[in-house]
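Heads up, the thing below is written out as structure tokens.
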Amino acid sequence: MAAGTGTLAPFPAALPEFPCPPQSRAPGPQGSPAGGVPPAADLVLGAAAGCMACVLTNPLEVVKTRLQLQGELRAPGTYPRPYRGVLRAAGAVCRADGLRGLQKGLAAGLLYQGLMNGVRFYCYSCALAAGWTGWPGGTVVAGAVAGAVGAFVGSPAYLVKTHLQAQTLAAVAVGHQHNHESISGAFESIYRQHGVAGLWRGVTGAVPRVAVGSAAQLATFASAKDWVCEHQWFGEGSWAAVLAGGMVSGVAVAVTMTPFDVVSTRLYNQPVDADGAGKLYRGFWDCFVQISSKEGLLGLYKGIGAVYLRLGPHTVLSLFFWDELRKMVQQQPPPGP
């Protein structure tokens, strides 16, 4: 939304899982973007908005993780499928782990959202304040770079989140089971066994995942929202139009990002040897090639339904929470001399 008003700006430059500040032509006082919120404040607000949205969309993350690990490196039709489709997979999670199972890994997910979104938001806000987004293609490049930096910083939290969300009863377990007792126990165990480097295992899949997803959404979200309004599905500037635009844009984002998402999940969750090296995959491209050769090209699109259903709502929820928090900051009286 435009600062201090109740209408949406023409293009809130939204990255996957969090919104970026609206485009501004010039930085405001003391290096802050036009609108009066400095990058440091946007770091906190973006992290808070992403965490709020995470609470509501984490169940789809659990379902997505299970679907992406199901039938790992096995040909289609040669393995049992305890998870079939988004709704039936959610039911399987509830039967095995109870209703609370849909919020597995929530604490790690909140930590990841806070770290990744905060850093991405801060980096993008700095680029906005510097005027770099005014160059042709600057918005997409800035979003992709900010996303890559955020993914690197938040990688340890995503690693633990994936481990915890994959854990379940042996009868319906998919992928390697790391059997952590808690989020703190997971960090401690990984660090004790493999040091600091072990906490960043799988980051080679996370960086391209977020960069590609960010660029794809930035390139399609505005045009998708405008297309929805032009066809008079919803009123211009309404949140319904943003949600519909996010879901339309989500098609392009899901198609381009899901293969990277599957690879990222596999790299994070794979078992490792005593030296911390993966037992199944040597890196991003090795994982990509093995999945496509052993599971077929459709193996790279496991969990695409959950990925798609998460994109639109999470983006819109993040936009809403971020905008409301930003307005609260802008309404605060300036500090005295």
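The values are calculated or read from the model by the stated rules, or taken from the named source; none is laboratory data. Quantities reported herein were computed from a predicted structural model and do not represent experimental measurements. Backbone-built Cβ (ideal geometry, glycine too); neighbour counts: all protein chains shown.
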Inset, instruction - For region 226-259, enumerate the residues that are out of contact with any Leu (no Cβ under 9 Å at 6 or more places or on another chain) and among the aromatic types (Phe, Trp, Tyr). - result: 227, 233
Inset, instruction - Go through region 94-106 and give me each residue that's in contact with a Leu (Cβ under 6 Å, 6 or more places away or on another chain) and either in a helix (DSSP H, G or I) or basic (Lys, Arg) (or both). - result: 96, 104
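Yes or no, residue by residue, for (1) farther than 27 Å from residue 295 by Cα; (2) hydroxyl-bearing (Ser, Thr, Tyr); (3) modelled with pLDDT under 95:
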| site | (1), (2), (3) |
| --- | --- |
| 66 | no, no, no |
| 72 | no, no, no |
| 129 | yes, no, yes |
| 141 | yes, no, yes |
| 146 | yes, no, yes |
| 154 | yes, no, no |
Inset, instruction - Report the residue count in region 203-223 for those that are more than 30 Å from residue 156 (Cα to Cα) and either buried (at least 21 other Cβ atoms within 10 Å of the Cβ) or of a type in the set (S, T, N, Q) (or both). - result: 1
Legend entry - Residue satisfying all of: in region 114-133; surrounded by fewer than 20 Cβ atoms within 10 Å (Cβ to Cβ) and in a helix (DSSP H, G or I); nearest to the chain's Cα centre (by Cα) among these: 132
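Conditions tested, residue by residue: (1) more than 14 Å from the chain's Cα centre (by Cα); (2) touching a residue at least 60 places away in the same chain (Cβ under 8 Å).
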residue: 40; (1), (2): yes, yes
residue: 43; (1), (2): yes, yes
residue: 50; (1), (2): no, yes
residue: 57; (1), (2): no, yes
residue: 69; (1), (2): yes, yes
residue: 79; (1), (2): yes, no
residue: 88; (1), (2): yes, no
residue: 107; (1), (2): yes, yes
residue: 112; (1), (2): no, no
Legend entry - Filter result for the condition that a residue is assigned to a helix (DSSP H, G or I) and on the phi < 0 side of the Ramachandran plot, over 80, 59, 136, 76: 59
Inset, instruction - Would you be able to tell me the number of residues in region 173-199 that are of a type outside the set (Gly, Ala, Ser), buried (at least 17 other Cβ atoms within 10 Å of the Cβ) and either closer than 30 Å to residue 99 by Cα or in contact with a helix residue (DSSP H, G or I) (Cβ under 8 Å, 6 or more places away or on another chain) (or both)? - result: 8
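To keep it simple, each residue is scored yes or no on (1) within 18 Å of residue 155 (Cα to Cα); (2) out of contact with any His (no Cβ under 7 Å at 6 or more places or on another chain); (3) surrounded by fewer than 19 Cβ atoms within 10 Å (Cβ to Cβ); (4) touching a residue at least 24 places away in the same chain (Cβ under 8 Å).
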{"residue": "230", "(1), (2), (3), (4)": "no, yes, yes, no"}
{"residue": "233", "(1), (2), (3), (4)": "no, yes, yes, no"}
{"residue": "250", "(1), (2), (3), (4)": "no, yes, no, yes"}
{"residue": "262", "(1), (2), (3), (4)": "yes, yes, no, yes"}
{"residue": "266", "(1), (2), (3), (4)": "yes, yes, no, yes"}
{"residue": "271", "(1), (2), (3), (4)": "yes, no, yes, yes"}
{"residue": "281", "(1), (2), (3), (4)": "yes, yes, no, no"}
{"residue": "289", "(1), (2), (3), (4)": "no, yes, yes, no"}
{"residue": "292", "(1), (2), (3), (4)": "no, yes, yes, no"}
Inset, instruction - Could you list, in sequence order, all residues of region 177-202 that are within 22 Å of the chain's Cα centre (by Cα) and under 21 Å from residue 281 (Cβ atoms)? - result: 186, 198, 199, 200, 201, 202
Legend entry - Test: residue 318 is closer than 30 Å to residue 122 by Cα and part of a helix (DSSP H, G or I): yes
Legend entry - Pick from region 294-315, criterion at pLDDT below 90 and of a type in the set (A, V, I, L, M, F, W, C), ranking: surrounded by the fewest Cβ atoms within 10 Å (Cβ to Cβ): 309
